[in-house]
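Notes follow the structure.
Values quoted throughout were computed directly from the atomic coordinates according to the rules given, and no laboratory measurement underlies them. The shown structure was predicted, so the numbers you read here are calculated from the model rather than taken from an experiment. Positions of Cβ are backbone-derived with ideal geometry, glycine not excepted, and every protein chain shown enters the neighbour counts.
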Amino acid sequence: MLSFEKLYSMGHEEVIFLSDPSCNLKAIIAIHDTTLGPALGGTRMWQYKNEEEALEDVLRLSKGMTYKAAVSGLNLGGGKAVIIGDPKVDKSEALFRAYGRYVESLNGRYITAEDVNITVEDIEHIYTETSFVCGVAKIHGGSGNPAPYTALGVYRGMEAACTKTYGNRSLRDKVVAIQGVGSVGFELAKLLDKSGARLIFTDINEKNIEKMKEEIPHAEFVGAKEIFEAKCDIYAPCALGASINDETIDKLKCKIVAGAANNQLKENRHGQILKDKKILYAPDYLINAGGLMNVSIEFEGWNDGKSRRMVDTIYDTSLEIFAISDEQNIPVNQATDVMAERRLDSIRKISKSFLGNVGNVGHRFPGRKKRQ
Ligand code: NAD
């Protein structure tokens, strides 16, 4: 149940329930925090068991976006949306256009993009109705597939972890075990291979396994369960979340965990366990922020060089987070939150001193030119 107590405890500014029976639209937009700028976060379409589950998901994901933007140095707030429905059955132009009109009505406080089960084609329908959308097709001035930029960010995070662990950033001859060679994992594998790293990988999708075997034939394939105990320098979770858990953590033989997946630690306490085992954990929501950085510059005119330069900053920011972790003797996942909260607090103080205590509701975004 949504209550003010819940919103207060998680720090949300606004939660909006959208409904349009004519096209079977049932969606929730959650705007978590707009201290740094308008809330940007993708729309996910999922067949939730019930509305409660959808609400929990959107509240958790939108809060995560606030922290991701803050630690990445972006002038964006955190927001996310979920559409309740079966993507195979319930998608329609009418549904996405109705949803787009709701996004437009928020006048730039929330900007949407792709997330799980939302394609560029769906985004194009949303874009017909609102200018507050990114991740649109390249022919419409968008940035296209974010995976190569996400992979580059993960690679920079790995370099930072190598600097901290081995004294230099080179990945040459490092053994990297990748769990999941989908969009991001495959791009990451190509970057690592090019820099002379040795690869072990796993996946459960035959097509992706074959693609990897063709592209990098010398990479070693192992079963989905064996990946955790692979003898490697770096374990790179690039599949689903929670791959570091009570069952897997004792199997790890790596010195570093650095990957693209969101929420890699099943519970926060697993961050402390990694620290105790002297395994360096690269902060997941920072090092996988390359895709967000990439779309964030769409409104000012996207170009590849600008995007890559922004993503490169993940190296230095990761080192700063490792330093906070050492200074305060706290696990890296906690140090990442500390860094994000420091930035949010510093901007909250400035807004209060200039504007009085008016809250954050002033942020809106001019948006892009609407699709004709
Ligand atoms: P994807 O679906 O393209 O790839 C995931 C791959 O993992 C698939 O090949 C899948 O078969 C494999 N997989 C699933 N379960 C597995 C298991 N138990 N063992 C081994 N392999 C398994 O997804 P993606 O876009 O590459 O994203 C990967 C992760 O990175 C996700 O957690 C996603 O949330 C996160 N992420 C992605 C982006 C992006 O730009 N795409 C940005 C930020 C974070």
Distance between the stretch 1-78 and the stretch 231-254 - C-alpha centres, whole angstrom: 29 Å
Order of S92, S131, S318, S22 under a 10 Å beta carbon neighbour criterion, fewest first: S22, S92, S131, S318
Of K63/K138; K6/K68; K164/K277; K225/K255; K225/K253; K80/K251, those spanning more than 25 Å from alpha-carbon to alpha-carbon: K63/K138; K80/K251
Under-5 Å amide H pairs with I297, H placed in peptide plane, nonlocal only: none
HN-Hα J in Hz across the stretch 253-269 - Karplus 6.51, -1.76, 1.60, θ = phi - 60°, x for Gly and Pro: 10, 8, 9, 9, 10, 8, x, 8, 4, 7, 6, 5, 7, 4, 9, 4, 4
Inter-label distance for E51 and S3, nm, one decimal - labels placed 7 Å from Cα along Cα-to-Cβ: 1.7 nm
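Rounded, prolate or oblate: pick one for the chain, where a ≥ b ≥ c are the square roots of the eigenvalues of its C-alpha gyration tensor, a/c under 1.5 means rounded, and failing that, prolate if a/b is larger than b/c, else oblate. It would help to have the intermediate numbers written out before the result.
Working: a/c = 1.68, a/b = 1.37, b/c = 1.23.
Because a/c hits 1.5 or more and a/b exceeds b/c, the chain counts as prolate.
Between rounded, prolate and oblate, where does the stretch 63-117 land on the alpha carbon gyration tensor, with a ≥ b ≥ c its root eigenvalues, rounded for a/c under 1.5, else prolate if a/b exceeds b/c?
Values: a/c = 3.43, a/b = 1.72, b/c = 1.99.
Cα axes put the stretch 63-117 in the oblate bin.
In the stretch 261-338, which GluC sites (Glu not before Pro) fall in coil by DSSP and have 16 or fewer other Cβ atoms within 10 Å? Don't skip to the end; give the middle numbers.
On the way: sites: E267, E298, E300, E320, E327; in loops: E267.
Qualifying residues, ordered by number: E267.
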For the chain, the longest site-free run once trypsin sites (Lys or Arg not before Pro) in DSSP loop states with at most 16 other Cβ atoms within 10 Å are removed: 50-168
In the stretch 206-264, the GluC sites (Glu not before Pro) that fall in loop regions by DSSP, at most 13 other Cβ within 10 Å: E247
